[in-house]
Amino acid sequence: MGRSRSNPSATISIGLSVISATSPSNKTIPHGIYPLEGSTATRSIAEDLVIVRPIEFTGLMDPALSVRPFRASDAAPLTDLLHAAYAELGAMGLNYTAVDQDVETTRARALGGQCWVIERAGQIVASLTMSLPPSDGLRELTAEARVGDRAWLNQVAVSPALRGRGLAADLWHRGRRWAAARQATSIGVDTAIPAVHLVRLYESWGFETVDTIHWPGKTYDSVVMARPLGPSDA
C-alpha cells in the first residue's frame, strides 16, 4: 500500500491524536502508541503513524475518566456511543454493524468477550471488546480466526467529543494485557478495506495483513490483520 496523507479527522476516529516527536538529542523515536497526556509530543498532521515520545504507561491521566468492565445494563448507552462513533464510517457508505446495531446486538457482542468502557460524569464515552476465541461467524470466514491462542479486537469506539485524548490507546493496552494473561499468542482484527485510515492505524499498532474476507450483507470487503503478542504486552 502506498503512502498518502490521511484525513486527520478520520485518523483520530477511534480516539487517537496524530502527533510526532523527537528525542532530546533530536534522534528519531521509534513509533508506538502511548498515553498522550504527560508526554512531550507536539500535535501535527502525520501521514500514517501515531508517533510519540515513549513514556511509561500510566493509564488515563484525566481524573474525570474511569475505566471498568462492561455491565449488561450498559447496553443501551453503549449502543448510543457506537452509533455516534461509527456515523462517519456509515456516511462513507460502509455499513459496519456498529453504525445501526440494536441494543440486544450490543449486549451480545460485549458479553461475547471482555469489554471495557470508559466513563465520564456517568456517561460511557469509549469502549473496546476483546474476544478469545474469536466469534464463530468469523472463524467460519477465515482460517486466521482459527489460529490457536489468537484473540480478536472488536468494536473500538470513542465519543467524537473526546477524540485525541488517548482513550483508545488506554483500552488497547488493557486489551493486550488481558489477552496475554490468558495465554493468547497473537491478536487479530478485521476492518473495511476502504477505511484506509483504520487500516493504517492498525498497522501502526503492529498489525499486518494476512487475509481478505467478505461479511454477508456488507457493502465492502474486509482486510484481516494479525499481530503477535510478546513480553512487552504482558
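Laboratory data are not the source of any read-out in this text; all were calculated from the coordinates shown. Given the structure is predicted, the values throughout are model-derived calculations rather than measurements. Cβ coordinates were reconstructed from backbone atoms using ideal geometry, including for glycine residues, and neighbour counts include every protein chain displayed.
Some notes on this structure:
- The residue 147 and residue 108 beta-carbon pair, evaluated with R₀ = 25 Å, returns a calculated FRET efficiency of approximately 0.60.
- Isotropic mean projected area of the C-alpha convex hull, the range 130-212 (nm²): 5.7 nm²
- Net charge of neighbours whose Cβ lies under 13 Å from the Cβ of residue 127, counting Lys and Arg as +1 and Asp and Glu as -1: +2
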